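Input: a single structure, listed below in structure tokens.
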2 protein chains.
Amino acid sequence: MHLNSLTLDNINSNVWKAKYAVRGELAVRAEAYRSRLAQKEGVDLPFDKVISANIGNPQQLDQKPITFFRQVLSLLEYPPLLEKEDVLLNDLGYQRDVIERARWLLRECRSVGAYSHSQGIPGIRNSVAKFISERDCHPSDPASVFLTGGASSGVNTLLNIIRSKPETGVLVPIPQYPLYTATLSVLNARLVPYYLDEEHAWGTDMDAIRSALAKAKSEGTDVRAIVVINPGNPTGASLGEEDIKNVLRIAVEEKLVVIADEVYQTNVFLGKFHSFKKVLRDLQSAEAGKFDHVELASLHSVSKGMVGECGQRGGYFELVGFDPKVVEQIYKLVSISLCPPVTGQCLVELMVNPPKEGEPSYALYKQEYDDIFAGLKERATALYEAFKEMEGVECQEPQGSMYLFPAIKLPPGAARAAANEGRKADEFYCIRLLDSTGVCIVPGSGFGQKEGTSHFRTTFLAPGTEWVGRIVKFHKEFMDEFRE
Amino acid sequence: MHLNSLTLDNINSNVWKAKYAVRGELAVRAEAYRSRLAQKEGVDLPFDKVISANIGNPQQLDQKPITFFRQVLSLLEYPPLLEKEDVLLNDLGYQRDVIERARWLLRECRSVGAYSHSQGIPGIRNSVAKFISERDCHPSDPASVFLTGGASSGVNTLLNIIRSKPETGVLVPIPQYPLYTATLSVLNARLVPYYLDEEHAWGTDMDAIRSALAKAKSEGTDVRAIVVINPGNPTGASLGEEDIKNVLRIAVEEKLVVIADEVYQTNVFLGKFHSFKKVLRDLQSAEAGKFDHVELASLHSVSKGMVGECGQRGGYFELVGFDPKVVEQIYKLVSISLCPPVTGQCLVELMVNPPKEGEPSYALYKQEYDDIFAGLKERATALYEAFKEMEGVECQEPQGSMYLFPAIKLPPGAARAAANEGRKADEFYCIRLLDSTGVCIVPGSGFGQKEGTSHFRTTFLAPGTEWVGRIVKFHKEFMDEFRE
């Protein structure tokens with residue numbers, strides 16, 4: 001008999017079934033190396049720095065926050081500074097628009113230490129609606145906007161609402177960001193995987209969606225929603241308009257709720273970003289009646305893009321076409337956790353309503369924003385070029401987001417060595433890479449991949465290119481060791 | 001056929017079954033009044049200000065944040081200020097310890113915009129463990145501390161882990177903070193209510209717990225945990241050591257996990273706060289062997305007490321006696337939502353490690369802290385005195401937390417009028433109060449109460465006493481109207 005009340009055998013089995021590789025074994029091992037190095041205990045390690053390329057965490061990798069955003073936040077945290085305008089303007093380099101925005105936000109929230117409306121501060125929801133209207137050239141209603149503590153909490157809310165029984169299924173692209181599979185697992189709902197088309201820049205393959213649907217239905221799954229991550233995580237793909245239309249067509253045919261994860265909407269290097277909302281509204285105008293009842297939830301966040309404020313936990317989702325009675329239930333569910341972090345909500349305001357041309361903070365904002373964008377693009381390209389040269393590695397051209405997801409053909413010897421350790425081949429590769437170089441990436445199995453293939457996901461956030469060299473060198477040695 | 005995919009009939013029924021009165025109909029109605037008044041549309045209303053006494057939201061009701069905390073946070077949000085030490089010290093009134101603490105926190109988190117460790121920043125967990133050790137005179141292990149986005153998210157995590165099947169039951173005090181019932185409902189687990197003893201200052205009644213347990217078992221409920229809220233919400237009760245020992249004895253006998261919600265630990269006016277951890281460790285020393293395997297999770301938060309920073313979403317829980325494999329699963333579950341807000345984590349650091357005697361910020365900190373405490377006590381007493389004078393109202397003496405929870409005996413005429421509107425009597429009373437005075441309180445039915453009794457919960461956070469006068473006047477008129 002166990003002495004403990006709670007054991008692995010009697011806790012929520014849906015939790016232990018869940019997998020979340022992004023912060024799993026490799027991340028824990030990388031943290032252990034980092035802390036050994038910090039305590040000068042790592043003298044025996046073959047590297048002197050850990051590179052966390054496992055997670056899209058820009059500011060952990062020295063991306064500087066946008067000055068305007070942080071100046072406003074500093075005033076929100078300590079409003080008595082507003083009584084010293086001359087010091088702010090003359091000694092500290094704050095501009096007048098920083099002060100005005102802080103005053104406006106304080107009127108809206110009273111204090112960042114007070115609970116806000118559970119759906120988010122009304123004035124900020126107005127700003128979000130205005131941003132969406134201008135982005136899409138179609139109106140947006142602030143009553144349909146929910147501010148969230150990052151997109152993750154929004155996804156959790158939406159899937160929780162949709163899940164009505166263990167047979168409830170949700171179409172999720174594979175490879176995917178494991179938030180989706182992990183949340184479905186915790187909710188005891190069914191994952192309905194549809195494979196993205198690696199040969200076509202990880203595009204959305206309608207046949208794959210249809211066959212996934214048919215298979216799920218034959219297994220008794222009640223498929224209620226489809227998730228699309230655009231730009232893609234981990235794939236980096238950026239969907240064209242036609243792809244999005246096709247997804248919406250399937251949503252109509254199959255009465256699926258569309259969950260559009262658009263947190264990388266400003267991280268687009270090739271082509272341009274098309275929002276699901278805009279494409280849906282365009283279709284509704286063009287083909288009267290047919291698309292009127294599509295239910296779309298689209299998510300955005302302050303964590304990615306040039307904002308990169310993951311630690312501040314801000315985001316939103318907009319609901320389109322939802323039954324108002326369902327929206328009420330969503331409100332009730334989010335109200336149980338009271339409200340999203342208020343400073344995170346304020347960051348959403350700053351993200352959707354940044355300084356405009358002619359305003360005092362605009363020039364610096366623009367320069368910082370463009371520099372970050374250019375840096376990301378440059379590093380993506382450098383990494384892509386390196387991967388092209390590596391034996392057995394095939395990588396799609398970077399289009400967007402913060403990741404590359406190359407395929408690696410590992411020699412059979414590596415697969416055997418991995419099996420001996422009870423590991424998958426890609427996992428084995430990533431652990432060896434971490435142990436030899438301090439570079440932490442995530443094996444493709446953490447995101448899902450076609451049977452018999454291996455991949456890994458790496459961010460291109462780390463500054464410099466020295467760490468890319470470490471990967472190239474490791475890869476060569478690894479291949480040499482296991483080549484037959 | 002419904003045009004929508006999602007309808008009330010096919011979404012997660014556990015969500016629509018959940019009730020959360022603190023932000024329910026009354027709160028929504030109060031917000032509508034507030035917005036009408038703000039837009040000068042409320043000229044016809046019989047009040048000119050809405051008083052939100054429905055929720056413990058100190059800074060919404062003009063409680064000033066602690067200067068030291070907010071100065072540190074302002075530097076964390078905009079670290080370039082640290083390059084202007086002379087301006088900070090000479091022109092802005094920052095003390096040297098503010099600057100030092102900000103530098104230390106920035107070393108720990110790198111940037112408040114970066115994701116932290118999912119369990120919370122290691123250095124801050126060390127500070128929490130030190131705080132607990134000093135509070136309880138028993139060691140605490142930082143590896144057992146999880147930082148959270150407020151206590152609500154901690155409760156959600158713990159209940160999610162414990163819930164393994166629909167028959168899983170959790171003992172919850174009645175009246176209770178509806179977070180517990182709502183979360184159990186969303187998780188499709190069973191509420192096992194045990195009634196607190198109103199006649200004895202809302203104390204914990206062992207017989208009530210035992211009979212609740214027996215009844216639950218006879219219904220096939222697998223009771224796994226007991227929740228204790230101390231100091232009590234909504235009751236304001238503060239438990240004595242013997243009450244806590246009794247709960248721990250039942251936990252041993254019945255192998256129950258103890259969830260100690262101690263977010264009001266500094267809001268104690270009568271007697272002193274006893275932590276479950278300290279009482280458990282004392283018992284373990286005194287009665288060797290018997291209490292060794294108790295599993296205790298105790299929660300704390302930056303939202304309440306003299307900190308009052310609800311909107312910043314910070315908190316922690318400490319696990320004692322948990323199986324390490326279960327702790328790993330808790331880690332995995334929280335890692336899916338990445339990390340708690342980093343500024344909220346920093347506030348936890350500041351709460352558990354405030355300025356000490358002899359440090360430059362100490363005098364002001366002490367004065368602010370003591371003033372807030374005295375103000376709360378004074379308003380609690382004023383409200384209590386007013387309730388004592390009101391016909392048919394009976395209120396326990398305020399001991400702690402931020403609430404009073406008086407019983408009201410409503411005339412039969414009021415009950416009939418309520419029934420005509422399809423409402424409970426206490427709900428009817430609270431709506432009439434809001435409509436006539438702008439004061440928003442929560443009916444006792446939102447927290448649970450014995451059949452046939454009526455109560456309401458009010459915070460004593462609102463400044464001044466004018467609003468108390470409004471309640472007294474309304475009550476008299478209400479009683480006169482319905483007296484028979």
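The values are calculated or read from the model by the stated rules, or taken from the named source; none is laboratory data. If you're wondering where the values come from, they're calculated on a predicted model, not measured in any experiment. Every residue, glycine among them, receives a Cβ derived from its backbone with ideal geometry; neighbour counts consider all protein chains shown. These area figures cover heavy atoms from the full protein model, side chains too; ligands, DNA and RNA do not enter into them. Shrake-Rupley method; radii C 1.70, N 1.55, O 1.52, S 1.80 Å.
Residue B:278: under 30 Å from residue B:354 (Cα atoms), more than 13 Å from the chain's Cα centre (by Cα), surrounded by fewer than 20 Cβ atoms within 10 Å (Cβ to Cβ) and at pLDDT 95 or above, yes or no?
Details: under 30 Å from residue B:354 (Cα atoms): yes; more than 13 Å from the chain's Cα centre (by Cα): yes; surrounded by fewer than 20 Cβ atoms within 10 Å (Cβ to Cβ): yes; at pLDDT 95 or above: yes.
Yes.
Restrict the check to region B:245-262 and report whether at least one residue is surrounded by 20 or more Cβ atoms within 10 Å (Cβ to Cβ), more than 14 Å from chain A (Cβ to nearest Cβ) and part of a strand (DSSP E or B). Within region B:245-262 (the criterion being surrounded by 20 or more Cβ atoms within 10 Å (Cβ to Cβ), more than 14 Å from chain A (Cβ to nearest Cβ) and part of a strand (DSSP E or B)), the answer is yes, since at least one residue qualifies.
Go through (1) of a type outside the set (Gly, Ala, Ser); (2) at the interface with chain A (Cβ under 10 Å from one of its Cβ atoms); (3) closer than 30 Å to residue A:157 by Cα and name the single condition residue B:87 misses. Failed condition: (3). Within region A:72-87, if we keep just the residues that are open to solvent by less than 20 Å² (accessible area, probe 1.4 Å) and either touching a Lys or Arg at 6+ places or on another chain (Cβ under 9 Å) or not in a helix (DSSP H, G or I) (or both), the residue that is farthest from residue B:66 (Cα to Cα) turns out to be A:72.
When the residues of region A:1-20 are filtered to those that are small (Gly, Ala, Ser) and part of a loop (DSSP other than H, G, I, E, B), which remaining residue is farthest from the other protein chains (Cβ to nearest Cβ)?
Within region A:1-20, the first condition is being small (Gly, Ala, Ser), and the residues that meet it are A:5, A:13, A:18.
Next, only the ones that are part of a loop (DSSP other than H, G, I, E, B) stay: A:5, A:18.
On the way: A:5: 5, A:18: 7 Å.
Looking at the filtered set, the residue picked out is A:18.
Residue A:30 meets each of the listed conditions (1) over 18 Å from residue B:339 (Cβ atoms); (2) at pLDDT 90 or above apart from (1).
Exactly one residue out of B:161, B:209, B:124 is of a type outside the set (D, E, K, R), within 30 Å of residue B:355 (Cβ to Cβ) and out of contact with any Lys or Arg (no Cβ under 9 Å at 6 or more places or on another chain), and it is B:124. If you go through region B:287-305 and keep only what is within 13 Å of residue B:264 (Cβ to Cβ), assigned to a loop (DSSP other than H, G, I, E, B) and open to solvent by less than 10 Å² (accessible area, probe 1.4 Å), you end up with B:302, B:303, B:305. Counting residues in region A:90-111 that are buried (at least 19 other Cβ atoms within 10 Å of the Cβ), among the hydroxyl-bearing types (Ser, Thr, Tyr), within 10 Å of chain B (Cβ to nearest Cβ) and within 30 Å of residue A:188 (Cα to Cα) gives zero. Restricted to region B:198-237, and to residues that are open to solvent by 40 Å² or more (accessible area, probe 1.4 Å) and either more than 21 Å from residue B:294 (Cα to Cα) or in a loop (DSSP other than H, G, I, E, B) (or both), which residue is farthest from the other protein chains (Cβ to nearest Cβ)? Once the filter is applied, the top-ranked residue is B:199.
Please find, within region A:68-84, the residue that is nearest to the other protein chains (Cβ to nearest Cβ) out of those that are closer than 19 Å to residue A:308 by Cα and among the aliphatic types (A, V, I, L, M).
So, considering only residues that are closer than 19 Å to residue A:308 by Cα and among the aliphatic types (A, V, I, L, M), the one nearest to the other protein chains (Cβ to nearest Cβ) is A:73.
Flag set for residue B:163, criterion: at pLDDT 95 or above, open to solvent by less than 40 Å² (accessible area, probe 1.4 Å) and not β-branched (Val, Ile, Thr).
Among the residues making up region A:357-380, those that are more than 14 Å from residue A:66 (Cα to Cα) and at pLDDT 95 or above are A:357, A:358, A:359, A:360.
For (1) more than 21 Å from residue A:72 (Cβ to Cβ); (2) among the basic types (Lys, Arg); (3) within 14 Å of chain B (Cβ to nearest Cβ), each residue gets a yes or a no:
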residue	(1), (2), (3)
A:117	no, no, yes
A:120	no, no, yes
A:123	no, no, yes
A:129	no, no, no
A:136	yes, no, no
A:145	no, no, no
A:150	no, no, yes
A:153	yes, no, yes
A:163	yes, yes, yes
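Has region A:51-63 got at least one residue that is aliphatic (A, V, I, L, M), in a helix (DSSP H, G or I) and more than 8 Å from every other protein chain (Cβ to nearest Cβ)? Yes: region A:51-63 contains one or more residues that are aliphatic (A, V, I, L, M), in a helix (DSSP H, G or I) and more than 8 Å from every other protein chain (Cβ to nearest Cβ). If you filter region B:345-377 down to residues that are open to solvent by less than 50 Å² (accessible area, probe 1.4 Å) and over 24 Å from the mean Cα position of the chain (by Cα), you find that the one that is farthest from the other protein chains (Cβ to nearest Cβ) is B:355. Is it the case, given these coordinates, that residue A:342 is of a type in the set (Val, Ile, Thr), under 20 Å from residue A:108 (Cβ atoms) and either surrounded by 22 or more Cβ atoms within 10 Å (Cβ to Cβ) or more than 9 Å from chain B (Cβ to nearest Cβ) (or both)? Yes: the conditions hold for residue A:342.
With respect to being open to solvent by 10 Å² or more (accessible area, probe 1.4 Å) and not in a helix (DSSP H, G or I), residue B:308 falls outside the description. Applying the condition of being in a loop (DSSP other than H, G, I, E, B) and open to solvent by less than 10 Å² (accessible area, probe 1.4 Å) to region A:314-338 and asking which residue is nearest to residue A:258 (Cα to Cα) yields A:314. Does region A:114-126 contain at least one residue that is in a helix (DSSP H, G or I), buried (at least 24 other Cβ atoms within 10 Å of the Cβ) and within 25 Å of the chain's Cα centre (by Cα)? Yes, because at least one residue in region A:114-126 is in a helix (DSSP H, G or I), buried (at least 24 other Cβ atoms within 10 Å of the Cβ) and within 25 Å of the chain's Cα centre (by Cα). Report whether or not residue A:36 is touching a Cys at 6+ places or on another chain (Cβ under 9 Å) and either open to solvent by 80 Å² or more (accessible area, probe 1.4 Å) or over 27 Å from residue A:351 (Cβ atoms) (or both). No: the conditions fail for residue A:36. Report, by residue number, each residue of region B:428-454 that is under 22 Å from residue B:183 (Cα atoms) and either part of a strand (DSSP E or B) or of a type outside the set (A, V, I, L, M, F, W, C) (or both). Residues satisfying the conditions are B:442, B:443, B:444, B:445, B:446, B:448, B:449, B:450. Whether any residue in region B:438-453 is modelled with pLDDT of 95 or more and among the charged types (D, E, K, R) is what I want to check. Looking through region B:438-453, none of the residues is modelled with pLDDT of 95 or more and among the charged types (D, E, K, R).
Of the residues making up region A:454-473, those that are touching a helix residue (DSSP H, G or I) at 6+ places or on another chain (Cβ under 7 Å), more than 16 Å from residue A:394 (Cβ to Cβ) and open to solvent by 10 Å² or more (accessible area, probe 1.4 Å) are A:463, A:465, A:468, A:470. Here residue B:26 passes the criteria (1) touching a Pro at 6+ places or on another chain (Cβ under 9 Å); (2) surrounded by 21 or more Cβ atoms within 10 Å (Cβ to Cβ); (3) within 22 Å of residue B:263 (Cα to Cα) except the one numbered (3).
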